[in-house]
1. Which of THR60, PHE11, TYR32 sits closest to the plus end of the dipole of the range 2-83, meaning its Cα is farthest towards the positive end, when Lys and Arg get +1 and Asp and Glu get -1 on the C-beta?
2. With n ≥ 4 as the cut-off for DSSP H runs, can you work out [θ] at 222 nm for the chain, using -39500 (n - 2.57) per run divided by the number of residues, rounded to the nearest 500?
3. Compute, for the chain, the length of the dipole vector about the Cα centre, with Cβ point charges of +1 (Lys, Arg) and -1 (Asp, Glu) only. Units Debye, rounded to 20.
4. Report the relative contact order of the range 2-83, percent, no decimals, based on alpha-carbon pairs under 8 angstrom and at least 6 residues apart.
5. Under the rule a/c < 1.5 gives rounded, and otherwise a/b versus b/c splits prolate from oblate, where does the chain land using the Cα gyration tensor?
6. Using a 10 Å cut-off around each Cβ, can you sort GLU19, GLU56 from fewest to most neighbouring Cβ atoms?
Amino acid sequence: VRETYKEDTMFKKIIDEPERHKAFCKTDDMLYTKNRAGDDVLCIPRAVANGRRLTEVVLTTAHTILGHLGAQRTGEYIRRFYWW
């Protein structure tokens, strides 16, 4: 994830001008923002790693963990930890 932030147009702007994007913070070269509950969530860039989109990896992993709970519950689960 760290290496792919610069590939994402939006996250590149946030990294290059952090003073203009106060809703985001950088910790250990990872970008975070707050979710609706006020918790820190990891920002996932629109990028490909090992032949897969990072968002696809998150969705697949969530589906594997949760099983078939439906799109709404899977989305709610993902929003607890990630943002894109």
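Computed from the coordinates by the stated procedures, all read-outs in this text should not be read as laboratory data. Keep in mind that this is a model prediction, so the values were computed, not measured. So basically every Cβ, Gly included, is an ideal-geometry build from the backbone, and we count neighbours across all protein chains shown.
1. THR60
2. -10500 deg cm²/dmol
3. Charge dipole of the chain: 240 debye, to the nearest 20.
4. 26 percent
5. Numbers: a/c = 2.74, a/b = 1.45, b/c = 1.88.
The shape class here is oblate.
6. Arranged by neighbour count, lowest to highest, GLU19, GLU56 become GLU19, GLU56.
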